[in-house]
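The values are calculated or read from the model by the stated rules, or taken from the named source; none is laboratory data. Keep in mind it's a predicted model, so treat the numbers as computed, not measured. FYI the Cβ positions are ideal-geometry reconstructions off the backbone, even for glycines, and counts take in every protein chain you see.
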Amino acid sequence: MTRRKPTPVVEDIIEVPEELRLTHMNVLLCVDVMHVNSLTFLTTISRNLYYRSAQHINTTSKDELLKALETLFSMYHNVETNYLGHKVELSYR
């Protein structure tokens, strides 16, 4: 039996309505590192939006974590939010 071709991933970005953006423009991020099947991810959730993200990282080095956070911050900056700060809890195996 041959494997079927998977459905391609489509990036579907929509514009956030002005009223919603103004109501939730202040962002406080909770940040953690999680390990799944020997893969490492930087995970975040915004306290008021409950928007979750998970970004694969190769190591938990300071440079790798800062690079992943900068990518995330640029996303929030693109939607004109006020970044209030973050809470970090890094778990170690």
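The table below gives the values:
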| quantity | calculated |
| --- | --- |
| Test for Phe73: is it among the aromatic types (Phe, Trp, Tyr) and at pLDDT 85 or above | no |
| Tally, over the range 17-39, of residues that are under 16 Å from Ser53 (Cβ atoms) and touching a residue at least 24 places away in the same chain (Cβ under 8 Å) | 9 |
| Failed item, numbered, when Asn26 is tested on (1) out of contact with any Leu (no Cβ under 9 Å at 6 or more places or on another chain); (2) surrounded by 10 or more Cβ atoms within 10 Å (Cβ to Cβ) | (1) |
| The range 29-50 - residue that is aliphatic (A, V, I, L, M) and touching a His at 6+ places or on another chain (Cβ under 7 Å) and, of those, surrounded by the fewest Cβ atoms within 10 Å (Cβ to Cβ) | Leu39 |
| Condition check for Thr2: surrounded by 13 or more Cβ atoms within 10 Å (Cβ to Cβ) and among the polar types (S, T, N, Q) | no |
| Residues of the range 1-43 satisfying the condition of being in a strand (DSSP E or B) and either in contact with a helix residue (DSSP H, G or I) (Cβ under 6 Å, 6 or more places away or on another chain) or among the small types (Gly, Ala, Ser) (or both) | Val27, Leu42 |
| Residue check, Pro8 farther than 19 Å from Tyr76 by Cβ and either surrounded by fewer than 10 Cβ atoms within 10 Å (Cβ to Cβ) or at pLDDT 85 or above (or both) | yes |
